[in-house]
Amino acid sequence: MLALTLLSSTVSTTASAQDAPPTPAAVPCTTPSGQPAIAGWQALGPDLWWLPGAPGDSNDVNRGAISNLLLLIDGTRTWLVGAGPSAAYGRALAANIRCRFGRDVSDAIAPWPRPELVLGLAGLPAGVRLWAHADVAAAMAERCGHCVERLASRLGKQAGDLGDPVSIPRPGSLLSGDQGRLGPWHWWLIERTPGTVTTLWWHAPSGVATAHGLSWSDGAPDLRDATLDGLFAGVARLEQIGADLPGPSPRWLPEQGDIGALAAPAAQAAYWQSLRRAVDAALAAGVGETDPAPSSLPGVPSGLTRGERHALNWQRAWREREEQAFESAPAER
């Protein structure tokens, strides 16, 4: 059993841009032996970079680095959206940013309580402001301890990245309300499924919006720890927000996978709608839960119906809809 400790950010939410860490000179980039390797930064706009996550689930090869991360340099401040899956990764990430960009991270955001996205906050240097919506921070405090054991089992021989004891980050700079502005970011609180929230972050100059927990493009979106109706409502809210934003349609960066059309809310909504219809038709026809998931769904791009997640979604959706059918059936007299 891995021991757990809580790591709290003690930086005031009123800190100004003038007190950001000084910018050091860039140094030659090296990865210490045995440490997570950070590579693959892609420019999305002036001073905005994307670090792609690995496809699929966490394992000892990708070391849990499966969620897309964003880095934004804004004047004297350097912002991270997400920090990776472990304290070891967070330390390597901060060192790589110092090397690659000649900057120290000043602010880091926890978009939603996924361990692969937030446990890296524990490895960032002291003094980095750790931001989260109050509801996300509460969920991290409540759930991250349970998620760590699950993540450790997936990491296998790399579970030591998590540390022992494992530090569960406690963001000390908390946001409240349904939407707002934080430095160069606009944000919205969105319910992912009953009792669980995530946050949407939009960078107006680049038009990039990141929808962690609601959008995937490396295959099917993920129904784990969620419901069909909850995720459909979440992506519908994304679509509504995107339509109301000024300028061109946002460029959607998903939880995993490439930025672009497959990550857009309309594509994600089409998947959940078509999956629900297909499951309902299978139930009506007496098809069993263990039958293979359909390899295609009407109106859904083929890129969203491949991979293990789609097969697991079929089983989870089948059980969910069967249970709802039983609950709604009239009682026998």
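For segment 145-172, give me each residue that is open to solvent by 10 Å² or more (accessible area, probe 1.4 Å) and either outside the structural domain of Ala87 (by the TED database) or more than 23 Å from Pro125 (Cβ to Cβ) (or both).
Initially, segment 145-172 is screened for residues open to solvent by 10 Å² or more (accessible area, probe 1.4 Å), giving 145-147, 149-150, 152-154, 156-161, 163-165, 167, 170-172.
Correct list: Gly145, His146, Cys147, Glu149, Arg150, Ala152, Ser153, Arg154, Gly156, Lys157, Ala159.
Could you go through segment 98-119 and let me know if any residue there is open to solvent by less than 20 Å² (accessible area, probe 1.4 Å) and at positive phi.
Checked against the condition, which is being open to solvent by less than 20 Å² (accessible area, probe 1.4 Å) and at positive phi, segment 98-119 yields at least one hit.
Since Ala282 meets every condition but one in (1) of a type in the set (A, V, I, L, M); (2) crowded, with 18+ Cβ neighbours inside 10 Å; (3) under 27 Å from Trp202 (Cβ atoms), which condition does it not meet?
(3)
How about segment 62-83: which of its residues are outside any loop (DSSP other than H, G, I, E, B) and either β-branched (Val, Ile, Thr) or open to solvent by less than 10 Å² (accessible area, probe 1.4 Å) (or both)?
Residues of segment 62-83 that are outside any loop (DSSP other than H, G, I, E, B), as a first pass: 69-74, 77-81.
Of everything in segment 62-83, those that are outside any loop (DSSP other than H, G, I, E, B) and either β-branched (Val, Ile, Thr) or open to solvent by less than 10 Å² (accessible area, probe 1.4 Å) (or both) turn out to be Leu69, Leu70, Leu71, Leu72, Ile73, Thr78, Trp79, Leu80, Val81.
State all residues of segment 234-254 that are assigned to a loop (DSSP other than H, G, I, E, B) and open to solvent by 60 Å² or more (accessible area, probe 1.4 Å); if no residue qualifies, say none. Spell out how you get there, then give the answer.
Taking segment 234-254 and keeping what is assigned to a loop (DSSP other than H, G, I, E, B), we get 245-250, 254.
Pro246, Gly247, Pro248, Ser249 - these are the residues of segment 234-254 that are assigned to a loop (DSSP other than H, G, I, E, B) and open to solvent by 60 Å² or more (accessible area, probe 1.4 Å).
Return yes when Leu262 is under 29 Å from Ser86 (Cβ atoms), open to solvent by 20 Å² or more (accessible area, probe 1.4 Å), in a helix (DSSP H, G or I) and not basic (Lys, Arg) and no when it is not.
Numbers: under 29 Å from Ser86 (Cβ atoms): yes; open to solvent by 20 Å² or more (accessible area, probe 1.4 Å): yes; in a helix (DSSP H, G or I): yes; not basic (Lys, Arg): yes.
Yes.
Against the conditions (1) buried (at least 18 other Cβ atoms within 10 Å of the Cβ); (2) outside the structural domain of Arg316 (by the TED database), where does Pro221 fall short? Just the number, please.
Evaluating Pro221 over (1) buried (at least 18 other Cβ atoms within 10 Å of the Cβ); (2) outside the structural domain of Arg316 (by the TED database) leaves (2) as the failure.
I'm checking my understanding of the structure. Among residues of segment 305-333 that are part of a loop (DSSP other than H, G, I, E, B) and of a type in the set (D, E, K, R), which one is modelled with the lowest pLDDT? Working first, answer last.
Initial filter on segment 305-333 (part of a loop (DSSP other than H, G, I, E, B)): 305-307, 329-333.
Next cut, of a type in the set (D, E, K, R) only: 306, 332-333.
Numbers: Arg306: 87, Glu332: 50, Arg333: 45.
My answer is Arg333.
Go through segment 267-283 residue by residue and tally those that are more than 11 Å from Pro301 (Cα to Cα) and among the aromatic types (Phe, Trp, Tyr).
Of the residues in that region, 1 qualify.
Take the residues of segment 303-333 that are without any contact (Cβ under 8 Å) to a residue 60 or more places away in the chain and closer than 14 Å to Tyr271 by Cα: which is surrounded by the most Cβ atoms within 10 Å (Cβ to Cβ)? Break it down stepwise before answering.
Residues of segment 303-333 that are without any contact (Cβ under 8 Å) to a residue 60 or more places away in the chain, as a first pass: 311, 314-315, 318-319, 322-333.
Okay, now just the ones that are also closer than 14 Å to Tyr271 by Cα, so 311, 314.
Details: Ala311: 14, Trp314: 23.
Among residues in segment 303-333 that are without any contact (Cβ under 8 Å) to a residue 60 or more places away in the chain and closer than 14 Å to Tyr271 by Cα, the one surrounded by the most Cβ atoms within 10 Å (Cβ to Cβ) is Trp314.
Scan segment 202-213 and give yes if some residue there is in a strand (DSSP E or B), open to solvent by 40 Å² or more (accessible area, probe 1.4 Å) and touching a strand residue (DSSP E or B) at 6+ places or on another chain (Cβ under 6 Å), otherwise no. Talk me through it step by step, then tell me what you get.
Kept after step one, since they are in a strand (DSSP E or B), are these residues of segment 202-213: 202-203, 208-210.
Then drop every residue that is not open to solvent by 40 Å² or more (accessible area, probe 1.4 Å), which leaves none.
No, segment 202-213 contains no residue that is in a strand (DSSP E or B), open to solvent by 40 Å² or more (accessible area, probe 1.4 Å) and touching a strand residue (DSSP E or B) at 6+ places or on another chain (Cβ under 6 Å).
Which residue, of Asp258, Asp280, Asp229, is among the acidic types (Asp, Glu), more than 19 Å from Gly213 (Cα to Cα) and in the same structural domain as Trp216 (by the TED database)? Steps first, answer last, please.
Values: Asp258 fails: more than 19 Å from Gly213 (Cα to Cα); Asp229 fails: more than 19 Å from Gly213 (Cα to Cα).
It is Asp280.
Suppose the filter is in a helix (DSSP H, G or I), at pLDDT below 95 and among the small types (Gly, Ala, Ser); does Ala37 pass it?
On the way: in a helix (DSSP H, G or I): no; at pLDDT below 95: yes; among the small types (Gly, Ala, Ser): yes.
So Ala37 does not fit the description; no.
So, Val300, is that one under 29 Å from Trp187 (Cα atoms), assigned to a loop (DSSP other than H, G, I, E, B) and open to solvent by less than 50 Å² (accessible area, probe 1.4 Å) or not?
The answer is yes for Val300.
The values are calculated or read from the model by the stated rules, or taken from the named source; none is laboratory data. For clarity, every value in this text was computed on a predicted model and none was experimentally measured. Cβ: placed from backbone, ideal geometry, glycine included. Neighbour counts: every protein chain shown. Calculation scope for accessible area: heavy atoms of the full protein, side chains included, ligands and nucleic acids excluded. Shrake-Rupley method; radii C 1.70, N 1.55, O 1.52, S 1.80 Å.
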